[in-house]
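Chemist: Supplied in structure tokens, the structure appears directly below.
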Amino acid sequence: ASSEITTSAEPSGQIKGFLEHLQMGVVMGDGSKFEKDEICDISNIQELVLEQPEKLKCLHHKYLEAGSDVLQALTFCSFMAGSVDNLKVKKLNNTACEIVCKLAADQNSLVAGSICLNADHIKGKDKTHVQTYVKQEMEVFLNCKVDVILCDIFLVEETEWALEVLKNIGVPIAVTLCVDKLGTISGTSLGDCAIRMAKAGANVVGVCCKFDESPKVVIEYVERMKNALDRVGLQGYIMSCSHANELPDNRNHSNHLNQTFTMKSFEPFEQSVENLNARALYEAGVRFFRAGSGLGTSYIQHLSNELLNERAKMPIDIKSSGNVTMDKYQPNRKGSKQYWRSDISPSCYSTTFNLPESA
């Protein structure tokens, strides 16, 4: 890989799209890689991108109709592939970017490229080594001229190293940190983490969903980050990538990492809980929403419905239907009693407690 990252795209043109949307109001992202796999019922990203591109296009379009403004390219990160120089990985990443960029251009939407944390940083590799991986991962996104770079599930020091590489390329950067309410292991508070990210060049900061926190806890997190930025006079937007489902038997953690979890299991809880949390997150300062682990198109739909008046722009489906709808994508079998009785709920409420049909 080259020692420097260069791009022929005009920086002002790149920045205008994403940041101007945030200045206008709420911006909706889409779901993570794992949710895309589950929705498509495919566990292999290579199979989805290279062998079934039409299925991937359909998935991206589902997010658009649910209310997404920003579509994330479904690419492989370097440490998962061993090296971005791998020819198969390069083909996969190029194809994934081509698919999402073409759809976004047709629908007047934005495109995000995602950089993921590098295991070598945890293993103690030096700054130069980590930055080399960042440069390698960035090349495909520069070629397709993405509108925003996502740095997901990063540690604070690693983020600062990555931002040294990313901040000069003229593309907005959104960072989700892998921290909890106590901050980092080294003692950096949540507010100070946000300040360090903003000073290092991040345009948007937030926390990731790795620690499986409930919406109420995430609201507290983003309030601390927002207050810290305001206190020192730093401009920066706040994002939420939480697993915003709250289960009736656990108010502190969302349990989405439980082995019994399936996305469909949460649907009975979603409407009332997510709409409430969407409003609370917005009032806490969040302006960029994304679906964290375990959440897909229905989550984006609920957020979009609740924050319709605060949106930077109207979702594509709103013009024809008067409201965002995903009914045509819900399998008919979900309307049957047998479907829900055979499903294992992540709330841990056993289906054996269902009333008999004669009741």
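The values are calculated or read from the model by the stated rules, or taken from the named source; none is laboratory data. Quantities reported herein were computed from a predicted structural model and do not represent experimental measurements. All Cβ positions, glycine included, derive from the backbone under ideal geometry; neighbour counts span all protein chains shown.
Chemist: Where residues in segment 202-216 are assigned to a loop (DSSP other than H, G, I, E, B) and touching an Asp or Glu at 6+ places or on another chain (Cβ under 8 Å), which of them is modelled with the highest pLDDT?
Modeler: Going through segment 202-216, the residues assigned to a loop (DSSP other than H, G, I, E, B) turn out to be 202-203, 208-212, 214.
Cutting the leftovers down to touching an Asp or Glu at 6+ places or on another chain (Cβ under 8 Å) gives us 208, 211, 214.
Details: Cys208: 80, Phe211: 59, Ser214: 64.
Ranking the qualifying residues of segment 202-216, first place goes to Cys208.
Chemist: With respect to Asp152, is the statement that it is in contact with a helix residue (DSSP H, G or I) (Cβ under 6 Å, 6 or more places away or on another chain), of a type in the set (D, E, K, R) and surrounded by 22 or more Cβ atoms within 10 Å (Cβ to Cβ) true?
Modeler: no
Chemist: Go through segment 154-200 and give me each residue that's small (Gly, Ala, Ser) and under 20 Å from the mean Cα position of the chain (by Cα).
Modeler: Correct list: Ala162, Ala174, Ala194, Ala198.
Chemist: In the list Leu163, Leu142, which residue meets the criterion of being touching a residue at least 12 places away in the same chain (Cβ under 8 Å), of a type in the set (A, V, I, L, M, F, W, C) and touching a Cys at 6+ places or on another chain (Cβ under 9 Å)?
Modeler: After applying the criteria, what remains is Leu163.
Chemist: Out of Lys199, Lys145, report the one residue that is assigned to a loop (DSSP other than H, G, I, E, B) and not acidic (Asp, Glu).
Modeler: The conditions single out Lys145.
Chemist: Turning to a different aspect of this structure: Quick one: in segment 71-113, of everything that is modelled with pLDDT of 90 or more, in contact with a helix residue (DSSP H, G or I) (Cβ under 7 Å, 6 or more places away or on another chain) and of a type in the set (A, V, I, L, M), which residue is farthest from Pro315 (Cα to Cα)?
Modeler: Ranking the qualifying residues of segment 71-113, first place goes to Ala96.
Chemist: Could you check, for segment 175-192, whether at least one of its residues is under 16 Å from Asp152 (Cα atoms), crowded, with 21+ Cβ neighbours inside 10 Å and modelled with pLDDT of 95 or more?
Modeler: no
Chemist: Continuing with this model, one more query. Output the qualifying pairs, or none if there are none: Cβ atoms under 8 angstrom, residues six or more apart or on different chains, first residue in segment 49-68 and farther than 26 Å from Asn309 by Cβ, second residue among the small types (Gly, Ala, Ser).
Modeler: That search, which allows pairs on different chains as well, returns Val49/Ala96; Leu56/Ala96.
Chemist: Can I ask one more? Output the number of residues of segment 1-29 satisfying the condition of being modelled with pLDDT under 90 and not polar (S, T, N, Q).
Modeler: The total comes to 10.
Chemist: Select from segment 118-133 the residues that are assigned to a helix (DSSP H, G or I) and under 15 Å from Val156 (Cα atoms) and list them in ascending order.
Modeler: The answer is Ala119, Asp120, His121, Ile122, Lys127, Val130, Gln131.
Chemist: Just to verify a result, which residue in segment 148-185, among those that are of a type in the set (S, T, N, Q) and part of a loop (DSSP other than H, G, I, E, B), is farthest from Val130 (Cα to Cα)?
Modeler: That would be Thr184.
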